[in-house]
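Contents: one structure, followed by commentary.
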Amino acid sequence: MIADPAPSTRTADAAASAAPMRIAVLASGGGSNLQALIDHFAAAGAPYGRIVFVASDKATSGALTRAAAAGIATGVVAVPQDGNALVEQLANAGAELLVLAGYLKLIPAAVVQAYHGRLINVHPALLPAFGGPGMYGQRIHIAVLEHGATVTGVTVHFVDEHYDRGPIIAQWPVPVLPADTPQSLGARVLHIEHRLFPLCVAAVASGSVVLGDDNRVHGHLPTPVSIATHDWRFSIAPDDTEPLSASAFGADLARLFPR
């Protein structure tokens, strides 16, 4: 999805011989995207990163429960607007890469500056559409349906000082079907979030994807798109679908991109 190679200070070869990048995650809700990250980096073949700290602006967040169950250190962001305090909290955890997984607070400028090029967010829409203050969760899917959009999706991007405005790392489309409700659409979008987000975080942790001095994203994100990976069928089919035939895969593409 990204094919603009550029020199990186942390190439994949270098990262393979170095210690895994220490990842901190901020989350406000139940933490399903956090769980996808935990599972990804706990699996064999993901040597480039390790989640070392999870924090939330809510002491009762389900994300903290998930982190504790995985043996990951946790904390509470007591004053989300206090950027210096958050930078100190992250530094104490040794965080090198900061990931937002459903974190609903605006990241202070001090944190954005401290983690420039190492701060990533996932958004359940195709930015720049349906982004900005107040656009999160079911509100996004309601707005997509109310506007009559035929395609929505997932965006993973680097974070700057504004809501949902940073350079885009990768996007994946999800069709809006005629019978969709906010709940059904949201479930299919989340299905793709859980697959795309860990790949992007791993790519940045490994140095395969970087934010250049030109404020553009450079590198390569290997995304599995083939007949054999039916769970990437633009979220039309559930995970337990039988393997696709070439004709069925082509039919899905034609449905999403009519000519």
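The values are calculated or read from the model by the stated rules, or taken from the named source; none is laboratory data. Not measured: the values here are computed from a predicted model. Note: accessible area is taken over every heavy atom of the protein model, side chains too, but ligands, DNA and RNA are not part of it. Shrake-Rupley method; radii C 1.70, N 1.55, O 1.52, S 1.80 Å.
With the whole protein complex present, Leu104 retains an accessible surface near 70 Å², based on a 1.4 Å probe. For region 68-122 versus region 160-211, the spacing of their alpha-carbon centroids is 19 Å. If you sort Val79, Val25, Val151, Val159 by accessible surface, 1.4 Å probe, largest first, the order is Val79, Val151, Val159, Val25.
Solvent-accessible area of Glu88, all protein chains in place: 110 Å² (probe radius 1.4 Å, heavy atoms, ligands and nucleic acids excluded). Here the mean projected area of the convex hull built on the C-alpha positions of region 111-207 is 5.9 nm². Across q = 0.30, 0.32 Å⁻¹, region 49-92 modelled as identical point scatterers on its alpha-carbon atoms has Debye log10 I(q)/I(0) values of -1.08, -1.14, in the order of the q list.
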